[in-house]
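J.: Structure below; questions to follow.
The values are calculated or read from the model by the stated rules, or taken from the named source; none is laboratory data. From a predicted model like this one, the values you see are computed outputs, not experimental measurements. Cβ placement follows ideal geometry from the backbone for every residue including glycine, while neighbour counts extend to all protein chains displayed.
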């Protein structure tokens, strides 16, 4: 397609959707009625698109300097409402390398198999956009993907909660994702339904994976084998029990998200050494010297943030009647 025809395709795509400010709220409620930040700054990017102007100058559109083909489209938090059917002119933009549709409302529609035709795509973000149903097999054909974000499509307002069909990944598709997406460095699957998949199959993911966000599922006991992981997000999953000690064997781990879980575990000695600093956001608290056999938290000592380096154990519980603990917790392991 020429640049002009790609501009026309963008206009038709824009006209197929409506603009609704409520489609890109600052926060969205997930299945646990927990507010998840969605759009810090939303506005209708396509509202400024003009037919008499070069689409390469439009908000959210990036073109190749030489060919003038559209290579990136960022319409995140743009108030878009509607569905993206398989005959959408969006899929005529075959030169796209980056596509970000996060933070919109696609009305519980399916992710079209046509997304698999973006063969040059390296970054795909469909998070917080109210897609539902099964993730299509064709997504696994995007072999150039470096970053894939399908997270938080279970976040919705109460008026749609009764219609919720979780975005799910079935075993055949997952096997193809593992086998074909060998360039992946970032994978975000928070809130996706993966209950039909064996947790330890994660160990077959791309060896180049550095960032991983997991849904409510199970923490693989062999997660320590993902040796390149820098950021690991297990938060907001209502996990309980012991945190696998192999997590602390990840040599490159810098950020570990654990908020809104009920996890217990021990901090290995090498993590408490002065050379490894632990910190947390100022609103976080830590629980030290808690007897896991003790039902009450009344004797739990709350540590001031930044003091965990001297701790030998930790706990990340939800709020209790004894202590008003924060609903989220992120550990930053600063080497």
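J.: Which of (1) touching a strand residue (DSSP E or B) at 6+ places or on another chain (Cβ under 8 Å); (2) buried (at least 21 other Cβ atoms within 10 Å of the Cβ); (3) touching a residue at least 40 places away in the same chain (Cβ under 8 Å) does residue 96 not meet, given it meets every other one?
T.: Residue 96 satisfies all of (1) touching a strand residue (DSSP E or B) at 6+ places or on another chain (Cβ under 8 Å); (2) buried (at least 21 other Cβ atoms within 10 Å of the Cβ); (3) touching a residue at least 40 places away in the same chain (Cβ under 8 Å) except (3).
J.: Condition first: in a loop (DSSP other than H, G, I, E, B), farther than 17 Å from residue 24 by Cβ and either modelled with pLDDT of 95 or more or within 15 Å of the chain's Cα centre (by Cα) (or both). Now tell me which residues in region 130-153 satisfy that. It would help to see each step written out before you state the result.
T.: Here is the first cut: in region 130-153, the residues in a loop (DSSP other than H, G, I, E, B) are 130, 133, 135-136, 142-146, 150-153.
Filter once more, keeping what is farther than 17 Å from residue 24 by Cβ: 133, 135-136, 142-146, 150.
If the condition is that a residue be in a loop (DSSP other than H, G, I, E, B), farther than 17 Å from residue 24 by Cβ and either modelled with pLDDT of 95 or more or within 15 Å of the chain's Cα centre (by Cα) (or both), then 135, 136, 142, 143, 144, 145, 146, 150 are the ones that fit.
J.: Let me ask something else about it. Please count how many residues of region 209-246 are closer than 25 Å to residue 153 by Cβ and either in contact (Cβ under 8 Å) with a residue 24 or more places away in the chain or over 20 Å from the mean Cα position of the chain (by Cα) (or both). Explain how you work it out, then say what you get.
T.: Just the residues of region 209-246 that are closer than 25 Å to residue 153 by Cβ, to begin with: 209-220, 223, 226, 229-240.
When the remaining residues are screened for being either in contact (Cβ under 8 Å) with a residue 24 or more places away in the chain or over 20 Å from the mean Cα position of the chain (by Cα) (or both), the result is 209-216, 219-220, 223, 226, 229-240.
Of the residues in region 209-246, 24 are closer than 25 Å to residue 153 by Cβ and either in contact (Cβ under 8 Å) with a residue 24 or more places away in the chain or over 20 Å from the mean Cα position of the chain (by Cα) (or both).
J.: Being surrounded by 15 or more Cβ atoms within 10 Å (Cβ to Cβ) and assigned to a loop (DSSP other than H, G, I, E, B) is the filter here; which residues of region 61-82 pass it? Can you show your working first?
T.: Initial filter on region 61-82 (surrounded by 15 or more Cβ atoms within 10 Å (Cβ to Cβ)): 61-63, 68-82.
Within region 61-82, 68, 69, 75, 76, 77, 78, 79, 82 qualify.
J.: Still on this model: In region 178-205, which residues are part of a helix (DSSP H, G or I) and under 14 Å from residue 143 (Cα atoms)? Steps first, please.
T.: Within region 178-205, the subset part of a helix (DSSP H, G or I) is 178-180, 199-204.
Residues satisfying the conditions are 178, 179, 180.
J.: Name the residues in region 11-21 that are out of contact with any strand residue (DSSP E or B) (no Cβ under 7 Å at 6 or more places or on another chain) and part of a loop (DSSP other than H, G, I, E, B), would you?
T.: Passing the criteria: only 16.
J.: Would you say residue 76 is over 25 Å from residue 122 (Cβ atoms) and touching a strand residue (DSSP E or B) at 6+ places or on another chain (Cβ under 6 Å)? Even if it seems obvious, please write down each step before you answer.
T.: Working: over 25 Å from residue 122 (Cβ atoms): no; touching a strand residue (DSSP E or B) at 6+ places or on another chain (Cβ under 6 Å): yes.
No: the conditions fail for residue 76.
J.: Criterion first (modelled with pLDDT of 95 or more, part of a helix (DSSP H, G or I) and out of contact with any helix residue (DSSP H, G or I) (no Cβ under 7 Å at 6 or more places or on another chain)) does residue 8 satisfy it? Can you show your working first?
T.: Details: modelled with pLDDT of 95 or more: yes; part of a helix (DSSP H, G or I): yes; out of contact with any helix residue (DSSP H, G or I) (no Cβ under 7 Å at 6 or more places or on another chain): yes.
Yes.
J.: Test each condition in (1) in contact (Cβ under 8 Å) with a residue 40 or more places away in the chain; (2) farther than 16 Å from residue 3 by Cβ; (3) in contact with a strand residue (DSSP E or B) (Cβ under 8 Å, 6 or more places away or on another chain) for residue 88 and report the one that comes out false.
T.: Among (1) in contact (Cβ under 8 Å) with a residue 40 or more places away in the chain; (2) farther than 16 Å from residue 3 by Cβ; (3) in contact with a strand residue (DSSP E or B) (Cβ under 8 Å, 6 or more places away or on another chain), residue 88 violates only (3).
J.: Could you tell me whether residue 58 is over 15 Å from residue 9 (Cα atoms), modelled with pLDDT of 95 or more and surrounded by 19 or more Cβ atoms within 10 Å (Cβ to Cβ)?
T.: Numbers: over 15 Å from residue 9 (Cα atoms): no; modelled with pLDDT of 95 or more: yes; surrounded by 19 or more Cβ atoms within 10 Å (Cβ to Cβ): yes.
Here the answer is no, as residue 58 does not meet what is asked.
J.: I need the full set of residues from region 103-122 which are under 20 Å from the mean Cα position of the chain (by Cα) and not in a loop (DSSP other than H, G, I, E, B), in order please.
T.: If we filter region 103-122 for residues that are under 20 Å from the mean Cα position of the chain (by Cα), which is where we start, we get 103-112, 115-116, 121-122.
Of everything in region 103-122, those that are under 20 Å from the mean Cα position of the chain (by Cα) and not in a loop (DSSP other than H, G, I, E, B) turn out to be 105, 109, 110, 115, 116.
J.: Are any of the residues in region 247-263 more than 15 Å from the chain's Cα centre (by Cα), at pLDDT below 75, assigned to a strand (DSSP E or B) and more than 28 Å from residue 127 (Cβ to Cβ)? Reasoning before the result, please.
T.: Initially, region 247-263 is screened for residues more than 15 Å from the chain's Cα centre (by Cα), giving 247-254, 260-263.
Filter once more, so that each one left must be at pLDDT below 75: 260-263.
Now narrow it down to the ones that are assigned to a strand (DSSP E or B): 262-263.
When the remaining residues are screened for being more than 28 Å from residue 127 (Cβ to Cβ), the result is none.
No: region 247-263 contains no residue that is more than 15 Å from the chain's Cα centre (by Cα), at pLDDT below 75, assigned to a strand (DSSP E or B) and more than 28 Å from residue 127 (Cβ to Cβ).
J.: Any idea which residue in region 162-174 is surrounded by the most Cβ atoms within 10 Å (Cβ to Cβ), counting only those that are closer than 18 Å to residue 215 by Cβ and at pLDDT below 90?
T.: Taking the candidates together, the pick is 167.
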